[in-house]
Amino acid sequence: MVNHAEQLGEEIKVIIFKLKSEEYGVDVKQVKSIERMEHITRVPNTPPFVKGVINLRGVVIPIIDLRSRFGFDQKEYGEATRIIIVNVEEMEVGLIVDAANDVIDIPLSAIEPPPKVVGGVESVYLRGVAKLKTRLLILLNLDRILNPEEVKQLEKFGM
Amino acid sequence: MELNQYLEIFLEESKEHLQMLNEKLLLLEKNSSSIEVVNEIFRSAHTLKGMAATMGYENMATLTHEMENLLDLVRNKKKQVDDQMMDTIFKAVDLLEQMVISISNGQNDQFAISGVVDLLQAISSDKRSTPKLSSTADSQANIEHLSFDEYERTVLKQSLESGFTIYQIEVQISEETVLKSARAYMVFHGLEDLGEVLKAVPSVEELENEDFGNNFTIVLISKQDESAIRKKILNVSEISGVQLSIITDEQLQSTVERLKPADDHSEGNGPVEAKINLQQGKVHATKMIRVDIERLDELMNLFSELVIDRGRLEQLAQEIKHPGLTDTVEHMGRISSSLQNNILNLRMVPIETVFNRFPRMIRDLAKELNKEIIINITGADTELDRTVIDEIGDPLVHLLRNAVDHGQETTEERLKNNKTRAGVISLKAYHSGNFVFIEISDDGKGINREKVLKKALEKGLITTETAHSLTDKQVYDLLFASGLSTADQVSDISGRGVGLDVVKAKIESLGGFVTVDSELGKGTKFTIQLPLTLSIISSMLVRIQDEKFAIPLSSIIETAIYRKKEVMNAHNQEVIDFRGRIVPLVQLHKIFDVPSTSEQKAEEEISVVLVRKGEKMAGLIVDSFIGQQEIVLKALGSYLTQVFAISGATILGDGQVALIIDTNALIK
C-alpha cells in the first residue's frame, strides 16, 4: 500500500502530540476530538494504565494514560495535558498525552518502517517513523495499542 | 408495481395471521366440532392468500388456497376433522412460516410445496371431489348466501312497501389494492348519499379491519336507479367490478333465516348501526399507530439526557436555595417522573408475543415424545420492556422443553403413580413491585436430589463432605452449574449438558434471577424474576472516600447503621446480626481499592447497605449514604468489558460519571 501511494505522491493528515521528549502522530481519521483534562472517574480492578472513564457529552468513554501504557515514568497532569478521543474499530477511547498542538500533512513517501524500538516504544505498536526536515515523527498503530487481547496479555504479566 | 414499501406490512400481518392459525388450529384439535373456530381459521387463510397473491408470492398463495379448499369442506360439514388432516394443515402452516421468514430475510417463497399440496388435495378429494368450492363461493355471492334476520326483513319489507328498491350489490376491489378497507369505506360513503346501507357481508367491522378478500356485498335501500348506483361505486378508484341485483318481495319471503353465514359475525346490522360502526371504526383506526422501535429508543435516549439534567438542576436548586427555583425544580421533577412512566409504558409489550408460540411447540414436542401434555398459560397480558421481551424467548423455550422432556413422565408412569393421564405444564406471568415474575411449573417427577448430587460429584462441582450438608435448594441450584445434565439419555430435545447454565447467564444479563423449587414425585417449578425496564433504574447513591457509587435499589433490602462493636467475626469474616440472620460484611473500599484521602477516623459507627441475591444476603460497608436517585444506565464502553463487580456507569447531576455496583458479584 505504501508503494502504491508513493507513486501518487499521497499525503496523510496526522495529529501531533507529545509524550516525554518525542513527537507522535495519529491519523486524523481516527481522531474524534481533542479535550482538555477533566474529572476522571476511576474504574477499579482494571490495568493501571486505564485511568477511568469520563463523561463526554453524555457518552461514557474509557481513558488510557499513554505514558503509563508504554511504561514511561509518570508526570503530573498540567495545563498542556490533553485527552485525544480516538475511534478505533467501533471503540471510543481517550488517550492522555502531554500536549497536542499540531496537525500536519505527511507525504507517505516520508514514512519508513519502524526500527525495533523508538523512544522506548516497541515497534509492534508503531506504524512507522516519518522523517521530516526538522523533526522526527513516530506514527502509532492504534489498532494494536487498543486491542483488547493485547490488554489481557499485559494484565497477565502484571503490568 | 412498487411493493417494497408494503413488504413490511405484509410480513407483519402474515406473522399475525400465522400465529392466529396456529392458535385456532390447536383449539380445533381439542374441539373438532366448533364451526366458529373453523370459520376463523378459514378467514385467516383466506386473508393470507389474498395478501400473498397481491405481493406476488405464488407458492404461498397456492398453498393457502389448498388449505382454504380443505377448510371450506370442513366448515360446510362435508368433512370431519381428524388427526391426519390436522397434521397436514399444521405442516402447511409450518411451510408458510418458513416462507415468511425467508421473505423477511430478503429471499423468496420458493419452497417445495407440492408434497403438502398433494396431501391437502388428497384429503380434500377423499370422498367428494369438490376442491374448487371456495373459490366459486368467493365470486358468486348471490341471494342464497345472504340471509336476513327478523329485524332486517321487517325493514326491507317496509322499504319495499314505501316504494324503495332493494339492491344487492357485489363490489370487487382490484387485486393490487393495498388499502382495501379505505376503498370499502369510500364505497359505503358514496352509497350513503344515495340511500341506506342495510347490511354488509362481510360485516362492516371486518371490512374496517381488512378482514376480507377482494370483494364484498352490500344491501342498499334506495330510490335511485341501477346506473346511478353503479356510477357512484365505479367513481371510487381501484374498484374493478360491480354487480347489482334487485331483491324482490318474493325473494325476501323465500329467504329463510338460516344459520348465520360465517362471515356475518356481528349481530343485527341495522342501517343506523352500520353507520355508527363505520364511525367507530374510523376512530379506532386513528387510535393505534405502529411506531418503529428505533424511534422509541431515540425518545428514550433523549429523555435519558433530560434525566441527567434534572439531576443537575436538583443539585443546583439545593445549593442556591431559592424558593421559586426549588418549587419549579420540584414540579419539573414530578412532571418528568410521569413523562418517564409514559415513555417506559410505550416500550412495554405484553408477554403474549413470546408466550403465544408455546402451545404449538408443546403440542409438537409432546407428540414427538409420545406424551400427553396440557399447557396452561396465565397472565399473558403481563407487560415487559421490549428489550427484555426480545431476549427472554430462548430461555423460556429451553425451560419448557426441559419440562416436557424430563420434567414430565410418560403416560404409563403417570398412570402407575396415580396421576392424571395428561401432564400439566403451567406458564404463569405476573407483576410484583418493580419486577415481573414468570413461573414454569410441571406436575412431573420432580428433581431427584441424589441424582443431582451424584452428577455433581462426578463433575467435581462438590465434594463428598459438602454433599450431605447442602440444603435441597442448594442442590437444585447445582442444576444451573455448567456441564450438569441429569437426563439419563441424551435426546434430541434436551440433555446435552448445555442449557441451564446458559439460561441462567441470559437471565442474569437481563438483570434478573432464576430459582428452582421441586418436590420429588410432585413436580418442579422454575421462577424467573425480571426487572420491568432496563434503561432507567432507581438507585441508592453512596460515597466511599471521595468516590460516588450507585447501587440498584432493586437489590437493596435496607440501609442501616451499626456500631463497630456489633460487628462479629466468624471464620475470619466480619459479620453482623441482621434480624437474627448472620450476614457477611463486604469492605467496598478494599474491593474497589479506593485510595484513602482523609485520615481514617476511628468512627464508632459503620454505614451498611444490605443487599440480596435470591436467598443470600450481604452487607456492603460504605462511608455515607447520599440518597436515592433515578439513574440512566450507560455502558462503560466496549474497551472496558467485564470489570469485576461493576455493571455499568451513569452520569450524575454534576456531570461526573459514577459507577454502578453489581451486587450479585459481591454475594457469594
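The values are calculated or read from the model by the stated rules, or taken from the named source; none is laboratory data. As the structure is a computational prediction, the values presented were derived from the model and not from experiment. Quick reminder, even Gly has a Cβ in these numbers, built from the backbone with ideal geometry, and neighbours come from all protein chains shown.
Rundown of residues vs (1) in a loop (DSSP other than H, G, I, E, B); (2) surrounded by fewer than 16 Cβ atoms within 10 Å (Cβ to Cβ), yes/no style:
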site: B:Gly163; (1), (2): yes, yes
site: B:Tyr167; (1), (2): no, no
site: B:Thr177; (1), (2): yes, no
site: B:Tyr185; (1), (2): no, no
site: B:Gly190; (1), (2): no, no
site: B:Val197; (1), (2): no, no
site: B:Ala200; (1), (2): no, no
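Can you find a residue that is away from chain B (no Cβ under 14 Å), in contact with a strand residue (DSSP E or B) (Cβ under 7 Å, 6 or more places away or on another chain), within 21 Å of B:Tyr639 (Cβ to Cβ) and not aromatic (Phe, Trp, Tyr) anywhere in the stretch A:7-15?
Yes, some residue in the stretch A:7-15 is away from chain B (no Cβ under 14 Å), in contact with a strand residue (DSSP E or B) (Cβ under 7 Å, 6 or more places away or on another chain), within 21 Å of B:Tyr639 (Cβ to Cβ) and not aromatic (Phe, Trp, Tyr).
Quick check on A:Pro48: is it within 14 Å of chain B (Cβ to nearest Cβ) and surrounded by fewer than 18 Cβ atoms within 10 Å (Cβ to Cβ)?
Yes.
Need at least 2 residues that are under 22 Å from B:Lys504 (Cα atoms) and within 14 Å of the chain's Cα centre (by Cα) per element, so show me which helices (runs of 4 or more DSSP H) inside the stretch B:376-469 make the cut, counting only ones lying wholly within it.
B:386-402
Which numbered condition in (1) under 17 Å from B:Ser539 (Cα atoms); (2) outside any strand (DSSP E or B) is the only one that B:Val594 fails?
It is condition (1) that B:Val594 fails.
When residues of the stretch B:463-485 are filtered for being on the phi > 0 side of the Ramachandran plot and at pLDDT 80 or above, how many remain?
Of the residues in the stretch B:463-485, 0 are on the phi > 0 side of the Ramachandran plot and at pLDDT 80 or above.
If the requirement is being over 13 Å from the mean Cα position of the chain (by Cα), surrounded by fewer than 18 Cβ atoms within 10 Å (Cβ to Cβ), closer than 29 Å to B:Gln642 by Cα and free of Cβ contacts under 8 Å to residues at least 12 places away in the same chain, which of these qualifies: A:Arg57, A:Arg36?
A:Arg57
Hey, does the stretch B:592-601 have a residue that's within 14 Å of another protein chain (Cβ to nearest Cβ), in contact with a strand residue (DSSP E or B) (Cβ under 8 Å, 6 or more places away or on another chain), surrounded by 12 or more Cβ atoms within 10 Å (Cβ to Cβ) and not aliphatic (A, V, I, L, M)?
Checked the stretch B:592-601: at least one residue is within 14 Å of another protein chain (Cβ to nearest Cβ), in contact with a strand residue (DSSP E or B) (Cβ under 8 Å, 6 or more places away or on another chain), surrounded by 12 or more Cβ atoms within 10 Å (Cβ to Cβ) and not aliphatic (A, V, I, L, M).
Is it the case that some residue within the stretch A:77-94 is closer than 21 Å to B:Phe644 by Cβ, more than 11 Å from chain B (Cβ to nearest Cβ) and in contact with a strand residue (DSSP E or B) (Cβ under 9 Å, 6 or more places away or on another chain)?
no
Take the residues in the stretch A:60-76 that are within 13 Å of the chain's Cα centre (by Cα) and not basic (Lys, Arg); name whichever of them is farthest from the other protein chains (Cβ to nearest Cβ).
A:Phe70
Name the single residue, out of those in the stretch B:623-643 being touching a residue at least 24 places away in the same chain (Cβ under 8 Å) and within 14 Å of chain A (Cβ to nearest Cβ), that is surrounded by the fewest Cβ atoms within 10 Å (Cβ to Cβ).
B:Leu633
Only one of these is of a type outside the set (Val, Ile, Thr), surrounded by fewer than 17 Cβ atoms within 10 Å (Cβ to Cβ) and either within 24 Å of the chain's Cα centre (by Cα) or under 30 Å from B:Gln107 (Cβ atoms) (or both): B:Gly50, B:Gly56. Name it.
Only one candidate qualifies: B:Gly56.
I'm trying to understand the selection: among the residues of the stretch B:374-422, which are surrounded by fewer than 17 Cβ atoms within 10 Å (Cβ to Cβ) and on the phi > 0 side of the Ramachandran plot?
Residue satisfying the conditions is B:Asn418 alone.
Just name the residue that is nearest to the other protein chains (Cβ to nearest Cβ) out of those in the stretch A:105-119 that are surrounded by fewer than 17 Cβ atoms within 10 Å (Cβ to Cβ) and assigned to a strand (DSSP E or B).
Top of the filtered list is A:Val117.
List pairs: first in the stretch A:107-129 and touching a residue at least 24 places away in the same chain (Cβ under 8 Å) and within 15 Å of A:Glu10 (Cβ to Cβ), second β-branched (Val, Ile, Thr) and part of a helix (DSSP H, G or I), Cβ under 7 Å, 6+ apart or cross-chain?
A:Leu108/A:Val2; A:Ile111/A:Val2
B:Tyr151 passes all but one of (1) over 17 Å from B:His46 (Cβ atoms); (2) in contact with a strand residue (DSSP E or B) (Cβ under 7 Å, 6 or more places away or on another chain); (3) of a type outside the set (Asp, Glu); (4) not in a loop (DSSP other than H, G, I, E, B); which number fails?
Condition (2) is where B:Tyr151 drops out.
Only one of B:Phe216, B:Phe212 is buried (at least 21 other Cβ atoms within 10 Å of the Cβ) and assigned to a loop (DSSP other than H, G, I, E, B); which?
Answer to the check: B:Phe212.
Among the numbered conditions (1) closer than 30 Å to B:Val594 by Cα; (2) among the basic types (Lys, Arg); (3) more than 14 Å from chain B (Cβ to nearest Cβ), tell me where A:Lys29 comes up short.
Here A:Lys29 clears every test but (1).
Just the residues that are facing chain A (nearest Cβ under 10 Å) and in contact with a strand residue (DSSP E or B) (Cβ under 8 Å, 6 or more places away or on another chain), please, taken from the stretch B:644-660.
Matches in the stretch B:644-660: B:Ala645, B:Ile646, B:Gly648, B:Ala649, B:Thr650, B:Ile651, B:Leu652, B:Gly655, B:Gln656, B:Val657, B:Ala658, B:Leu659.
B:Glu574 fails exactly one of the following numbered conditions: (1) more than 41 Å from the chain's Cα centre (by Cα); (2) crowded, with 17+ Cβ neighbours inside 10 Å. What is the number of that condition?
Among (1) more than 41 Å from the chain's Cα centre (by Cα); (2) crowded, with 17+ Cβ neighbours inside 10 Å, B:Glu574 violates only (2).
Just one of (1) touching a Leu at 6+ places or on another chain (Cβ under 7 Å); (2) surrounded by fewer than 19 Cβ atoms within 10 Å (Cβ to Cβ); (3) in contact (Cβ under 8 Å) with a residue 60 or more places away in the chain; (4) of a type in the set (A, V, I, L, M) trips up B:Ile362, so point out which.
(2)
What are the residues in the stretch A:54-89 that are β-branched (Val, Ile, Thr) and in a strand (DSSP E or B), if any?
A:Ile54, A:Val59, A:Val60, A:Ile61, A:Ile63, A:Ile64, A:Ile83, A:Ile84, A:Ile85, A:Val86, A:Val88
B:Leu610 is checked against (1) in contact (Cβ under 8 Å) with a residue 60 or more places away in the chain; (2) more than 14 Å from chain A (Cβ to nearest Cβ); (3) buried (at least 19 other Cβ atoms within 10 Å of the Cβ) and fails just one. What number does that condition carry?
Of (1) in contact (Cβ under 8 Å) with a residue 60 or more places away in the chain; (2) more than 14 Å from chain A (Cβ to nearest Cβ); (3) buried (at least 19 other Cβ atoms within 10 Å of the Cβ), only one is false for B:Leu610: (1).
Conditions first: (1) touching a Pro at 6+ places or on another chain (Cβ under 9 Å); (2) closer than 30 Å to B:Gln629 by Cα; (3) modelled with pLDDT of 80 or more. B:Pro531 passes all but one, so which condition is the exception?
Checking B:Pro531 against (1) touching a Pro at 6+ places or on another chain (Cβ under 9 Å); (2) closer than 30 Å to B:Gln629 by Cα; (3) modelled with pLDDT of 80 or more, the one that fails is (3).
Mind checking which residues of the stretch B:340-372 are outside any helix (DSSP H, G or I) and over 18 Å from B:Asp297 (Cβ atoms)?
Listed by number, the residues that qualify are B:Pro350, B:Ile351, B:Asn356, B:Arg357, B:Asn370, B:Lys371, B:Glu372.
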